[in-house]
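Student: Pasting a structure below so you can have a look.
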Amino acid sequence: MSARFKLGQTMSTTAAKQTLANAQIDPRHLIMRHRQGDWGDVCEEDAELNNDAVKYGGRLLSSYLIGDEKLWIITEADRSATTLLMADEY
């Protein structure tokens, strides 16, 4: 599956980096899933909103369960930046 949109500058919070390191998960794997339109653990309605945002513009949000914590990947509507952060940091 190919990339569906541009990421812009990719950033990560310290907590997200630490959570992924502790779980021995390469963040590039989750970023690739996000960029290919695998939105992870979002509800069906949010997945449809993401699919529309890919076509027409808008912010993109993926959610991935890491142990018992949620990690979010957010790409800004203007595609200038993508950030990995823990859901409780938002």
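Student: Any lysines with Cα under 24 Å of the Lys55 Cα? List them, leaving off those in the same chain fewer than 8 positions away.
Tutor: Lys6
Student: State, to one decimal in nm, how far the label point of Ala21 lies from the label point of Arg79, with both points 7 Å from Cα in the Cβ direction.
Tutor: That separation, rounded to one decimal, is 3.2 nm.
Student: Also: Only one of the values (1) 14.2, 44; (2) 13.5, 50; (3) 12.2, 37 was calculated from this structure for Rg and Dmax of the Cα atoms in Å; name its label.
Tutor: (3)
Student: ³J(HN,Hα) across region 15-30 via Karplus (A = 6.51, B = -1.76, C = 1.60, θ = phi - 60°), whole Hz, x for Gly/Pro?
Tutor: In residue order, the calculated couplings are 5, 5, 4, 5, 4, 5, 4, 4, 8, 6, 10, 6, x, 4, 5, 5 Hz.
Student: I'd like the antiparallel share, as a percent to the nearest 5, of DSSP beta bridges with both residues in the chain. Could the numbers behind the result be given before it?
Tutor: Numbers: 12 of 17 bridges.
So the antiparallel bridges in the chain amount to around 70 percent.
Where a number appears in this text, it was derived from the coordinates with a stated rule and is not lab data. Given the structure is predicted, the values throughout are model-derived calculations rather than measurements. As a convention, Cβ positions derive from the backbone with ideal geometry for all residues, glycine included, and neighbour counts pool all protein chains shown.
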